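The values are calculated or read from the model by the stated rules, or taken from the named source; none is laboratory data. No experiment lies behind these values; they were computed from the predicted model shown. Cβ atoms come from the backbone with ideal geometry, glycine included; neighbour counts cover every protein chain shown. SASA here: full protein model, heavy atoms, side chains in, ligands and nucleic acids out. Shrake-Rupley method; radii C 1.70, N 1.55, O 1.52, S 1.80 Å.
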Amino acid sequence: MKKESNLGRREFLRGTAVAAAAGAAWMAAHPRSEATVWQIDPTKCVQCGRCSTNCTQNPSAVKCVHSFQICGYCDLCGGYLQPGAKTRDSGAENELCPVGALKRTFVEEPFYQYTIDEKLCVGCGKCVKGCGVFGNGSLYLQVKHDLCMGCNECSIARNCPANAFRRIPASTGYLLKTGEHGGKERK
Amino acid sequence: MNRKPVAVAALLLCLWTAQAFSEFRFPMPEFESGYTHPQMNLPPVSKTSPVVDVTLLLAGLALTAWSVLKLRSRRMVFMIALFSVWYFGFYRKGCVCAVGSLQNVLAAFLLPDFAVPLIVSLFFLIPLVFALYFGRVFCAAVCPLGAIQEMCAVYPVQLSYPVQSMLGLFSYAYLGITVLSIYMGAGFLICRYDPFVGFFRQGASFNMFLAGGILLLTGVFIARPYCRFLCPYGVLLRWASRFSKWHCTITPAECIQCRLCESSCPYGAIVVPTPEDRPVDRLTGAKRFGRLLLIAPLIVVVAAGAGFVSHEILARLHPTVWLAEHVTEAEQGRLTEPSLDLDAFRAGKQSSAELYAEANALKERFKYASACFGGFMGLVVCGKLIRLSTIRKSKDYEIDRGECLSCARCFAYCPVESNNAQEKEQ
C-alpha cells in the first residue's frame, strides 16, 4: 500500500516536471519570429582589425565587400595603395592589403575597378580604413553568411570596441551602403 | 599620369555642390565604354536543416536508452558516443548543443524581445524529458562534450563522496553565474567558455585549447571533469534523473552483494549498502537534521551577503562596467599600452560621465542580482549538507540516479550479468 502511494507521488512529480519543461520550452520558443544573423553596421565600424583575429572561424567569416555603385573608381585609391606609395601599380610594396586580396583592373581612362578575392581576404579592414579616409567608403566589412557559424555569442561582437555588431533578420542578411544617390550615376 | 590635381578638383567640386552629395567625396564616374557594375557577392544564410538535427538527437537518445536499459551493452553506448562526437561535435562544429540552449531559453524569459528558434528550444527540452524517464542517457553518449570526455577516461580513479559532492558545487556556481550574466545582459558564458568546441572547430584561442586540453588530460584519471563538476545543464539533468521512471540498474536480476561493482564506477554513482554494524540512531539523525535546518537560514543569509560584497567583481562581466573601469584606468594614467577600446570610446559620442553613470546604474542592479546568486549558492550548500548528513538505508548496491551517467561500465563487473548472458547464449 505504502509503495503504491510512493509511486503515485513520483509519477505526479514526473508529470509536473515534464509539463514544466515542455511549457518552458514552448513559451521560450517563438516559432513565428524570424531567425536572426550577426551583421556589422558599416556606419559604426572603426576598422580596429579584431574581425580578422576574434572570429571562431579561421580565416574570419568577416570579409570586405565592395559597393560598386558608390565607388569613385579612382586611380589613386586609398584602399588599394599604401599611403605615400611611389607608383600606382600593383607592386607588392605599393599595395595596402597584407594578403593581396584587393585586385585592380583597368576599365577606361581614368577609371579602375577594384574587386575582392574573398578566398584571400581575412577581414582585417585595412583597405576599409584607407577607403574611408581618402575615398567614398565603398569598401566595408560584412559578415558572409555562407562562412558564419552564427554563434550564440559572436566572439567578435563581444570584443568589438564600437558595438558595430548586431543581430538582424536573416532575410535582410546584410547592411549595405547604397547612399541616397548611391545607385545613380552622377551627371 | 598624375591624377592628384583631378582628385583634388573633384574633392573641391564635391564640397562645393555640398548637401546632395555630401556623403561621397568623389563623384561616381560616367562610363563611356558601356561598363556595368559587377554584382556584389552576398551569399544568403546557409540553411542547415533543423529537422535532421532534432531527428538525430531523438534517435541517439532512444538508441542509448535502449542499449543501456534493454541491451545492457557498453559497446553500443560507446559506438553512439563515437557517432555523437563526429556528428554533433566535428560535423556540426558543436552547434546547436543542449548545454548552450539552456542560455537561450533563460534569455527568452529574462530578456525582452529575445527570440529563440524552435530547434534550440527542442534541444533544451528533449534531453530533460528523456532524463525524466530513462536517466541521463543524454550525458552517456549523445552530448558531444560528454562523449569526448568518456573516450578519454582511460584510467579513472574514484574520489571520496564528500570531495565529489563539494566539487559538484562548481556546477551550481556556474549555473548561477550563467543566469546572473544573462539577466544582466553580460553575455552567454557557457558558449564563451565551452572548453571542447575549439577541438570540434579545429580553431580557437590558445587559452581555450589549454583549458580543453587540461580538462581532457585530467579526464584520463578523474573521469569527465566537465560533466560532473562544471556543466550547468548537467545540474538540471541531475535533478530530472533523480525522478527517472526506468533508470538502468547495476545488476539485471537480484543483487548478490558480491562487492565486485564497488570499484567499477568512475563517477561515484554506486551507493554501497548501509553497514549493519553501524545502525543509524533515529534520534541522533533527527537531532542533526534539526540543527542543520536551524543553521540553514544563517548559511543562506551569509552566502547572500558574500554575493552582495562581491558584486564589484561580478559586475566586471558586463562589457559596459569593464569599459568604464578601463576608461578610469586611462584617466588616472595607469594604462601603459595603447588600447583599441579606449580609442573607439573616445571617438564615439558618449562622454565619460555618461559611461560612468551607466556603469554605476548597472552596478546597483548587480548588487541585488549578486546577492540573489549568493543566496542560491547558500541554498545549494544547505541541500548538499543535508544530503551528506542524512543516511538512507539501502540493502543492495544501488545507483545514485543523480550522479549516474548511464555509461554502462558497471554491467560488465556484475557476475549476475555474465550468468544471465551465458544462459541466454545457451
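Within region B:325-344, the residues that satisfy the criterion of being in contact with a Ser or Thr (Cβ under 8 Å, 6 or more places away or on another chain) and within 14 Å of chain A (Cβ to nearest Cβ) are B:HIS326, B:VAL327, B:ALA330. Within region A:29-46, identify whether any single residue is over 30 Å from B:PHE90 (Cβ atoms), surrounded by 22 or more Cβ atoms within 10 Å (Cβ to Cβ) and more than 8 Å from chain B (Cβ to nearest Cβ), and answer yes or no. Among the residues of region A:29-46, at least one is over 30 Å from B:PHE90 (Cβ atoms), surrounded by 22 or more Cβ atoms within 10 Å (Cβ to Cβ) and more than 8 Å from chain B (Cβ to nearest Cβ), which makes the answer yes. Restricting to region B:98-126, and then to whatever is over 14 Å from the mean Cα position of the chain (by Cα), in a helix (DSSP H, G or I) and touching a residue at least 60 places away in the same chain (Cβ under 8 Å), can you tell me which residue is farthest from the other protein chains (Cβ to nearest Cβ)? Going through the qualifying residues, I end up with B:LEU110. Of all residues in region A:56-82, those that are in contact with a strand residue (DSSP E or B) (Cβ under 8 Å, 6 or more places away or on another chain), at the interface with chain B (Cβ under 9 Å from one of its Cβ atoms) and not charged (D, E, K, R) total 7.
Answer yes or no: is there a residue in region A:51-66 that is more than 30 Å from B:GLN103 (Cα to Cα) and polar (S, T, N, Q). Within region A:51-66, none of the residues are more than 30 Å from B:GLN103 (Cα to Cα) and polar (S, T, N, Q). Would you please name the residue that is modelled with the lowest pLDDT, looking only at residues in region B:14-72 that are among the charged types (D, E, K, R) and in a loop (DSSP other than H, G, I, E, B)? Looking at residues that are among the charged types (D, E, K, R) and in a loop (DSSP other than H, G, I, E, B), I get B:GLU23.
On the given criteria, is A:SER52 more than 7 Å from every other protein chain (Cβ to nearest Cβ), under 30 Å from A:ASN136 (Cα atoms) and either open to solvent by less than 50 Å² (accessible area, probe 1.4 Å) or modelled with pLDDT under 85 (or both)? Spelling it out, A:SER52 is indeed more than 7 Å from every other protein chain (Cβ to nearest Cβ), under 30 Å from A:ASN136 (Cα atoms) and either open to solvent by less than 50 Å² (accessible area, probe 1.4 Å) or modelled with pLDDT under 85 (or both). Taking the stated definitions as given, is A:ALA85 at pLDDT below 90 and facing another protein chain (nearest Cβ under 7 Å)? No, not satisfied. Listed by first and then second residue, the pairs linking a residue in region B:288-302 that is surrounded by 11 or more Cβ atoms within 10 Å (Cβ to Cβ) to a residue that is of a type in the set (Val, Ile, Thr) and in a helix (DSSP H, G or I), with Cβ atoms under 7 Å apart and 6 or more places separating them unless they lie on different chains, are B:LEU292/B:ILE386; B:ILE299/B:VAL381.
Filtering B:VAL45, B:VAL68, B:VAL52 for residues that are away from chain A (no Cβ under 14 Å) and either free of Cβ contacts under 8 Å to residues at least 24 places away in the same chain or open to solvent by 60 Å² or more (accessible area, probe 1.4 Å) (or both) leaves a single hit, B:VAL52.
For the structure I just gave you, tell me whether A:LYS63 is closer than 30 Å to B:PRO50 by Cβ, among the basic types (Lys, Arg) and either touching a residue at least 24 places away in the same chain (Cβ under 8 Å) or not in a loop (DSSP other than H, G, I, E, B) (or both). Quick ask: steps written out before the conclusion?
Working: closer than 30 Å to B:PRO50 by Cβ: yes; among the basic types (Lys, Arg): yes; either touching a residue at least 24 places away in the same chain (Cβ under 8 Å) or not in a loop (DSSP other than H, G, I, E, B) (or both): yes.
Against the criterion (closer than 30 Å to B:PRO50 by Cβ, among the basic types (Lys, Arg) and either touching a residue at least 24 places away in the same chain (Cβ under 8 Å) or not in a loop (DSSP other than H, G, I, E, B) (or both)), A:LYS63 qualifies.
If the condition is being open to solvent by less than 30 Å² (accessible area, probe 1.4 Å) and under 26 Å from the mean Cα position of the chain (by Cα), then region A:98-123 contributes A:GLY100, A:ALA101, A:LEU102, A:GLN113, A:TYR114, A:CYS121, A:GLY123.
For region A:75-95, a residue qualifies if it is open to solvent by 30 Å² or more (accessible area, probe 1.4 Å) and among the hydrophobic types (A, V, I, L, M, F, W, C), and the qualifying residues are A:LEU76, A:ALA85, A:ALA92. Just checking, does region B:263-286 include any residue being under 28 Å from B:TYR133 (Cβ atoms) and of a type in the set (D, E, K, R)? There is no residue in region B:263-286 that is under 28 Å from B:TYR133 (Cβ atoms) and of a type in the set (D, E, K, R). I'm trying to understand the selection: among the residues of region B:87-109, which are surrounded by fewer than 22 Cβ atoms within 10 Å (Cβ to Cβ), at pLDDT 90 or above and either polar (S, T, N, Q) or farther than 14 Å from B:ASP53 by Cβ (or both)? Passing the criteria: B:PHE90, B:ALA107. Taking residues in region B:238-250 that are of a type outside the set (Phe, Trp, Tyr), and partners anywhere that are open to solvent by less than 10 Å² (accessible area, probe 1.4 Å) and in a loop (DSSP other than H, G, I, E, B), the pairs with Cβ atoms closer than 6 Å and at least 6 places apart or on different chains are B:ARG238/B:GLY402; B:SER241/B:GLY135; B:SER241/B:ARG136; B:SER241/B:GLY402; B:ARG242/B:GLY402; B:SER244/B:GLY135; B:HIS247/B:GLY135; B:CYS248/B:SER406.
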